[in-house]
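Asker: Sharing a structure below in structure tokens format, with a few things to ask.
No value in this document is a laboratory result; all are computed from the given coordinates. Keep in mind that what you see is a predicted model, and the values were worked out from it rather than measured. Positions of Cβ are backbone-derived with ideal geometry, glycine not excepted, and every protein chain shown enters the neighbour counts.
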Amino acid sequence: MILQNLEGRRIILASKSPRRLELVRGLGLQPEVVVRDIDESWPAALAGPDVAAHVTRKKAEAFLPELGPQDVVITGDTVVLLPTATGYRVLEKPADRAHAIAMLLELQGRTHVVASGVAVTTLRAGIALEVDTCEVTFSPFGEATAAHYVDTCAPFDKAGAYGVQDFMGLAHAVRLNGSFYTVMGLPTHVLYRLLAAVDADLAR
């Protein structure tokens, strides 16, 4: 299905991530990047994939006061979830080099979950939001590899301190149970379905 009814609309991507921009363009769209500074914290009662959903919605809500009838806003958020005895611990973006290395050492040789939320917001339909998850298994790699990766790839803008599309993923992501693009930070199959719903609604 071609998103023909979105032609001429103002497509806004609310993300500074070059990876998300590349993926949205891959769907045949030419978005305008507009980012709003928001508080990306979440209530303590939230856990697991609900965290990604909460932050994704907050990003979408930041555009509601100024949304025009031709605007289509895409927002998203990604968290890495490390299984614990009672559920999951959320790994966000690392604060510094030591934090990034420590995160990677927690992930090595284990399976974790990546949860990526995505929302499409229009004045006509409001916020349509979904979360997709993918299990990722890393092989063991040790502190020297983790430090080298952090120093050469600077993954400070990435949840869990790694990108599946660069060295860490290429060398050590031995198994994925789910969408590769969800781990990249944007579940493109979900985004396309949400955009197709908007496109169909505009055709009515």
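Asker: Can you compute the modelled spin-label distance between residue 135 and residue 70, with each label point 7 Å from Cα toward Cβ, in nm?
Answerer: Going by the 7 Å Cα→Cβ label model, 4.7 nm.
Asker: While we're here: Just to be sure I understand: with springs between alpha-carbon atoms less than 10 Å apart, which residue in 86, 145, 121 has the highest mean-square fluctuation in the Gaussian network model of the chain?
Answerer: Ranking 86, 145, 121 by mean-square fluctuation puts 86 first.
Asker: Among (i) 23.4, 76; (ii) 22.1, 82; (iii) 17.4, 58, find the value of Rg and Dmax of the Cα atoms in Å that was calculated from the structure presented, and write down its label.
Answerer: Of the labelled values, this structure produces (iii).
Asker: Hey, another quick one. To the nearest 0.05, how large is the calculated FRET efficiency for residue 156 and residue 85 if R₀ is 35 Å and r is the Cβ-Cβ distance?
Answerer: FRET efficiency, residue 156 to residue 85: 0.75.
Asker: Where in region 39-123 are there trypsin sites (Lys or Arg not before Pro) that are in a DSSP coil and have at most 15 other Cβ atoms within 10 angstrom of their Cβ?
Answerer: Sites meeting the loop and neighbour criteria: 110.
Asker: In Å, the Kirkwood hydrodynamic radius of region 107-204 over pairs of distinct alpha carbons?
Answerer: 15.0
Asker: Lys and Arg at +1, Asp and Glu at -1: add these up for the other residues within a Cβ distance under 12 Å of residue 198 and post the number.
Answerer: Combined, the nearby Lys, Arg, Asp and Glu give +1.
Asker: Still on this structure, I have one more. Looking at the chain as a GNM with Cα springs under 10 Å, which of 148, 189, 172 has the largest mean-square fluctuation?
Answerer: Maximum fluctuation in the GNM of the chain, among the listed residues, is at 148.
Asker: Additional query: Three principal axis extents, largest first, for the C-alpha atoms of region 1-56, in Å?
Answerer: Result for region 1-56: principal-axis Cα extents of 41, 25, 19 Å.
Asker: Evaluate the distance, in nm, between pseudo-label points positioned 7 Å from the Cα of residue 144 and of residue 38 along their respective Cα→Cβ axes.
Answerer: Rounded to a tenth, the inter-label distance reads 4.4 nm.
Asker: While we're looking at this one, here's another question. For the chain, with a Gaussian network of springs between Cα atoms less than 10 Å apart, report the residue from 35, 164, 90 with the top mean-square fluctuation.
Answerer: Ranking 35, 164, 90 by mean-square fluctuation puts 35 first.
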